[in-house]
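This report concerns only the one structure given below.
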Amino acid sequence: MSQKNETAVLVLTLLITLGLVGGGAWLLKDKIWPQNSQDAGSLLPSSNQRISDRISFGEKFLTPGEASPAKKEGVAALASGNYNKAVPNLEAALKLNKNDPEALIFLNNARIGSAKSYTIVATVPIGSDLNTSLEILRGVAQAQDEINSSKVIKGIPFKVGIANDDDNPEIAKQIASSLIKNQQVLGVIGPAASDTTLAAGTIYTSGRLVAISPVSTSVKISNFSRYIFRTVPSDFMAARAIAKYMVENLQKTKAAVFFNSQSSYSQSLKSEFVSSVSLEGGQVLSEFDLSKTNFNAAKSVAQAIKEGAEVLMLAANTDTLDKALQVVLVNQKRLNVLGGDDVYTPKTLEIGREQAVGMILAVPWHIDSNPNSDFPQKSWQLWGGYVNWRTALAYDATRALIAAIERNSTRVGVQQALSSPDFSATGASGTIRFLASGDRNAPVQLVEIIRRSPSRSGTGYDFVPVIPSGN
């Protein structure tokens, strides 16, 4: 690398670290993943909030930022039990900001009013990861909206609560304790991070309350509890797909892996990748911990190259994505780059740009992977933009939970329905069935970053499905 290019890369990596560049990626409101138009930089919920303040069925806001007057009036009306006033105000709020899932959930709850309903709760990390929370809530809201519009379950609609766990295991456990005491709650969508799911899962199990995570991928969740399920494939599946592609398609056998030792998800993906590469006849030569305070992207890539690595594998989680993108920039496309689903974000396209072209990522779902599905079209009509795998898998988790409640509307009955060998539900990514381990038996989708104009992302770069060899 020339001295000039090296200087430019160092400047970019510094900007990423300071968070001065990343904000631009989240302006893609109507391109790849529609964002909430509220100001994400506003004051986020405090970690010492009362648990009751972290759960809402429409009587209070959980997402940060300045809401429209119509949304404020709708929420105030819900809080006072004035459902007739809440409905038109929330409808007006959605006309102003159609991609606000919180408003749609509150609207559907207002339409139910005091009538009989089935109750479920989505627990998401609003305070620590607003974007992921909104992506998940869009899937939940879309499923609720469809079911309540068709009234397919004996004419009884679904009420949805929202809980903010900040992806904090201790807070998630307290929320779980609160939910299991509320006997009206028949199931939970979430949590998000694997660490949080594992922590809260013990509480949900004690209360015999099913939780279906749409995004927790750690292998530790398999067989963790009879009451914990997930609609996302485990890291075992993702690692196998990436390792197979590396050896068979790239014809490379030596890799270096970058991971976060403080994240169950990241550790899980890294370990499964190491094992999968070995099974494919390859070898992981180096492991670099992105969580270390003295991590240096340039030195790490140089060391990987010196040791003979041909591929860089990014098993980064959300907290270490910035450091992983430093690796992409410093690499300057010298080695092939692979990655897990947490790298699948607008930020990767915005920051990585030309240096990210050719990257291969393993994700649970892509909007173009199933041309026969009507979910992409329906989600576009509802939200005014393309959605990603988190929305699709949250939609699937909600549809599965609703199908189980239709069979038996008790907590134990929901668990038994989901565990039954003959259980199935139709979701965005196809048929939903669960193994005895709580895992979903589903493949992953490999995607590649390409240069494209016009692009869905608005960056000039997009993620597109990789067509398996032989197809």
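Brief remarks follow.
- Degrees separating the helix 235-244 axis from the principal Cα axis of the chain, which is the longest one: 30 degrees
- Estimated FRET transfer efficiency (S222, S275; beta-carbon r; R0 22 Å; 0.05): 0.90
- Carbon + sulfur, % of accessible area of segment 226-270 - ligands and nucleic acids excluded, 1.4 Å: 43 percent
- Computed over the alpha carbons of segment 365-447, Rg followed by Dmax gives 13.8, 40 Å.
- Among the listed pairs K159/K347; K244/K378; K72/K181, those beyond 31 Å (Cα-Cα): K159/K347; K244/K378
- Extreme residue, positive dipole direction of segment 112-222, given options I120, A193, S218 (C-beta unit charges): I120
- Folded to 0 to 90 degrees: helix 194-206 orientation relative to the chain principal axis, Cα: 30 degrees
- DSSP-defined beta bridges in the chain - what % are antiparallel, rounded to 5: 30 percent
- One compactness figure for segment 285-324 is 1.13, namely its Cα radius of gyration divided by 2.2 N^0.38 Å.
- Taking all protein chains together and a 1.4 Å probe, the residues K347, K254, K306, K220 rank K306, K220, K254, K347 from largest to smallest accessible area.
- Here's how it looks for T426: its modeled amide H is under 5 Å from those of I432, which are all 5 or more places away or on a different chain.
- Taking each residue as 0.36 nm, the span from N294 to T426 lengthens on full extension beyond its C-alpha to C-alpha distance by 42.8 nm.
- Angle between the chain longest axis and helix 169-181 axis [Cα atoms, degrees, rounded to 10]: 20 degrees
- Segment K154-S261, extension gain: residue separation times 0.36 nm, minus the distance between their alpha carbons: 33.7 nm
- Note on the chain: dipole from Cβ charges, positive end direction compared against T253, F295, T132; the farthest Cα belongs to T132.
- In percent, rounded to a whole number, the relative contact order of segment 102-165 is 52, using alpha-carbon pairs under 8 Å and six or more apart.
- Computed lengthening from R407 to S52, 0.36 nm per intervening residue step minus Cα-Cα distance: 124.8 nm
- Residues of type aspartates and glutamates that K306 reaches as a straight line, Cα spacing below 17 Å, ignoring anything fewer than 8 places off in the same chain: E287
- Entries in K71/K116; K220/K333; K98/K333; K254/K323 that, when Cα-Cα distance is taken, lie over 31 Å: K220/K333; K98/K333
- Since only G74, V412, I51 are under comparison, the one whose Cα sits farthest along the positive direction of the charge dipole of the chain, derived from C-beta charges on Lys, Arg, Asp and Glu, is V412.
- Alpha-carbon Rg/Rh ratio, for the chain, with Rh computed the Kirkwood way: 0.97
The values are calculated or read from the model by the stated rules, or taken from the named source; none is laboratory data. All values derive from a computational prediction rather than experimental measurement. Heads up, the Cβs are rebuilt from the backbone with ideal geometry, glycines too, and the neighbour counts pull from every protein chain shown. Just the protein is used for accessible areas: all its heavy atoms, side chains included, with ligands, DNA and RNA removed. Shrake-Rupley method; radii C 1.70, N 1.55, O 1.52, S 1.80 Å.
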